[in-house]
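So the structure is just underneath, and the comments pick up after that.
The values are calculated or read from the model by the stated rules, or taken from the named source; none is laboratory data. If you're wondering where the values come from, they're calculated on a predicted model, not measured in any experiment. We place every Cβ from the backbone using ideal geometry, glycine too, and count neighbours over all the protein chains shown.
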Amino acid sequence: MSDTTAQRRPGAPGNGPSGEAADQAQKTSVTKRGGAADPGGRGRTTIADGVVEKIAGLAARDVMGVHAMGSGLSRTFGAVRDRVPGGGKSAATRGVKAEVGEVQTALDLEIVVEYGVSIAEVARDVRENVISAVERMTGLEVVEVNIAVSDVKLPDEEDEEPESRLQ
């Protein structure tokens, strides 16, 4: 495959100020390796649901006002699962469900917010942060981010995942 590119040198014949002569250029043939101009045309990339779930979960946790991800029950089971080697889903994906297609993805998130924050603002910020992170890192179009607020963390409540007694 070859492309023809125009190269102009100052002072070369035919590069004077006259109209058509100025548009005439010395032509050089350039051959590209590999054949296809777009490397994306040389194979297929698939992104697993779990990859998108991790990205979305981490992006949601970065938002001020988000205390935790998932419902109380899923966080409790998740804490036990995290302590067991090979226990399955990581904490990064807790409370996140993704449906991934070839070019689009849709996400469902379940969050716990801090008491006193504006739930509407936190949800908006989570949605913006998740969309930005997922689209930037995967190239997929995020068509929707559904957010369910399952609980509010009160200031005097203990976390459901107690610290280990061992140090």
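Conditions tested, residue by residue: (1) of a type in the set (Gly, Ala, Ser); (2) crowded, with 16+ Cβ neighbours inside 10 Å.
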| position | (1), (2) |
| --- | --- |
| GLY95 | yes, yes |
| VAL100 | no, yes |
| LEU107 | no, yes |
| VAL113 | no, yes |
| ILE119 | no, no |
| GLU128 | no, no |
| VAL134 | no, yes |
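Number of residues in segment 46-86 that are surrounded by fewer than 19 Cβ atoms within 10 Å (Cβ to Cβ), in a helix (DSSP H, G or I) and modelled with pLDDT under 95 equals 10.
Considering segment 91-150, the residues that are basic (Lys, Arg) and within 13 Å of GLU53 (Cβ to Cβ) include one that is modelled with the lowest pLDDT, namely ARG94. Do we find that VAL112 is under 16 Å from ASP62 (Cα atoms), part of a strand (DSSP E or B) and either in the same structural domain as HIS67 (by TED's automatic domain parsing) or touching a residue at least 24 places away in the same chain (Cβ under 8 Å) (or both) in this structure? So VAL112 passes the test.
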